[in-house]
Amino acid sequence: MAFPLQRPRRLRANDFSRRLVREHRLSADDLIYPVFILESEQDREPIASMPGIERLGRDPLFETAELCLELGIPALALFPVVPAERKSEEAKEAWQHDALVQTRVSQLKERFPELGIITDVALDPFTSHGLDGLVDEDGYVLNDETVDVLVRQALSHARAGADVVAPSDMMDGRVGAIRRALEEEGFSRVSILAYSAKYASAFYGPFRDAVGSAASLGKSGKESFQMDPGNSDEALHEVALDLDEGADMVMVKPAMPYLDILRRVKDRFQRPTLAYQVSGEYAMLHAAAANGWLDGDKVMMEALLSIKRAGADAILSYAAIDIARRLRS
Ligand code: PBG
């Protein structure tokens, strides 16, 4: 009687053999928790489009940091919510030594020295027009002028004690400029996580609500500096540039709609490669789960595992705390 020589189902039949041959696993070590931070001390503000996520004042931020440490999450990424009166055309608030990010970084490093702190280097929370750089009369984002400001911002984060600065702005040449400035100022141990392949994506919608840049941004888009979703080779070019300029880690963002990019980047460069499961990816899974259409816990776990399988060494995810809890139990 004819029979198949190979029966892949044999190893799928039992839990023990599935566990033995599993190629990829998610662990708390893979996760970075992005947090929206407020100037106030006690507030927790819910974000309508991101169920379960809140903007955090100082004390709730400290509690969250402690929880991340307990759960084995290696690092936090900070995103400031800046009141409208402190936004300006020149984004001056971005590099003040006593502004929100700089203050929270030093407070966190003092209390939780072993928790990695990653800062966002980009001007959009600080500009009155919500774009990621300085603009000319036509609203075009100026590259080299913006890079000068990003360098100041990155240095102010390093002085406050940031472990990793993460330029998310997509200006040309900013990684090299930041690396040079960090070395010159004695911050050779501060790492750069470059948002190298950051796409002009509609999946960032809830984030812009969370930090309040949506209102300032109005109808202007970010297509003149973020990548075109139709491109893939260009992502390799962007990653190559950032690595040449001194990036320690590169990132692909968003994650799930761009798994092909993640795989190409990892295969080509074999360097630390991160992915950002962005606000819209989080919101989408939560919305379907809230309707009872998907099993929220299971799809989130599967989404993150898929991102890891596609080549991510670590993932920024708003679900990091939920997932780390589930991995523990
Ligand atoms: C901006 C920035 C954005 C995100 C992180 N940094 C939004 C944007 O480019 O408009 C999005 C993250 C998310 O959607 O979760 N520098």
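Just so it is clear, none of the values below were taken in a lab; they were calculated from the coordinates. For clarity, every value in this text was computed on a predicted model and none was experimentally measured. Cβ placement follows ideal geometry from the backbone for every residue including glycine, while neighbour counts extend to all protein chains displayed.
Is one or more of the residues making up region 230-241 hydroxyl-bearing (Ser, Thr, Tyr), in a loop (DSSP other than H, G, I, E, B) and more than 17 Å from Leu31 (Cα to Cα)? First the steps, then the outcome.
Looking only at region 230-241, we keep the residues that are hydroxyl-bearing (Ser, Thr, Tyr), and these are 232.
Still in the running and in a loop (DSSP other than H, G, I, E, B): 232.
If we keep only those that are more than 17 Å from Leu31 (Cα to Cα) too, we end up with 232.
Scanning region 230-241 turns up at least one residue that is hydroxyl-bearing (Ser, Thr, Tyr), in a loop (DSSP other than H, G, I, E, B) and more than 17 Å from Leu31 (Cα to Cα).
Only residues that are farther than 22 Å from Ser306 by Cα and either in contact with an Asp or Glu (Cβ under 7 Å, 6 or more places away or on another chain) or not hydrophobic (A, V, I, L, M, F, W, C) (or both) were counted in region 1-13, giving 4.
Checking the conditions here, which among Phe187, Phe112, Phe203 is within 20 Å of the chain's Cα centre (by Cα) and among the aromatic types (Phe, Trp, Tyr)? Talk me through it step by step, then tell me what you get.
On the way: Phe187 fails: within 20 Å of the chain's Cα centre (by Cα); Phe112 fails: within 20 Å of the chain's Cα centre (by Cα).
Answer to the check: Phe203.
Just name the residue that is nearest to the ligand (Cβ to nearest atom) out of those in region 304-322 that are touching a residue at least 60 places away in the same chain (Cβ under 8 Å) and more than 28 Å from Arg268 (Cβ to Cβ). Step through it out loud before you land on a result.
Keep residues of region 304-322 that are touching a residue at least 60 places away in the same chain (Cβ under 8 Å), which gives 304-305, 308-309, 312-318, 320-322.
So of that shortlist, the ones also more than 28 Å from Arg268 (Cβ to Cβ) come out as 318, 321-322.
Working: Tyr318: 7, Ile321: 15, Asp322: 16 Å.
The qualifying residue nearest to the ligand (Cβ to nearest atom) is Tyr318.
Ser220 meets the conditions (1) among the hydroxyl-bearing types (Ser, Thr, Tyr); (2) more than 13 Å from the ligand (Cβ to nearest atom); (3) under 17 Å from Gly133 (Cβ atoms) in every case but one. The failed one is (2).
Scanning region 264-303 for residues that are more than 16 Å from the ligand (Cβ to nearest atom), in a loop (DSSP other than H, G, I, E, B) and either among the polar types (S, T, N, Q) or within 19 Å of Ile47 (Cβ to Cβ) (or both) gives Gln270, Asn291. Residues considered: Asp138, Asp120, Asp132. Of these, the only one that is part of a loop (DSSP other than H, G, I, E, B) and within 14 Å of the ligand (Cβ to nearest atom) is Asp132.
Only one entry in Val149, Val175 is surrounded by 21 or more Cβ atoms within 10 Å (Cβ to Cβ), of a type outside the set (Phe, Trp, Tyr) and touching a residue at least 60 places away in the same chain (Cβ under 8 Å), namely Val175. Among the residues in region 201-212, are any near the ligand (Cβ under 10 Å from one of its atoms), touching a Pro at 6+ places or on another chain (Cβ under 6 Å) and polar (S, T, N, Q)? The answer is yes; a qualifying residue exists.
Rundown of residues vs (1) touching a residue at least 40 places away in the same chain (Cβ under 8 Å); (2) in contact with a strand residue (DSSP E or B) (Cβ under 7 Å, 6 or more places away or on another chain); (3) within 29 Å of Val135 (Cα to Cα), yes/no style:
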| residue | (1), (2), (3) |
| --- | --- |
| Pro60 | no, yes, no |
| Ala65 | yes, yes, no |
| Cys68 | yes, yes, no |
| Ala91 | yes, yes, yes |
| Trp95 | yes, no, yes |
| Val101 | yes, yes, yes |
| Pro113 | no, no, no |
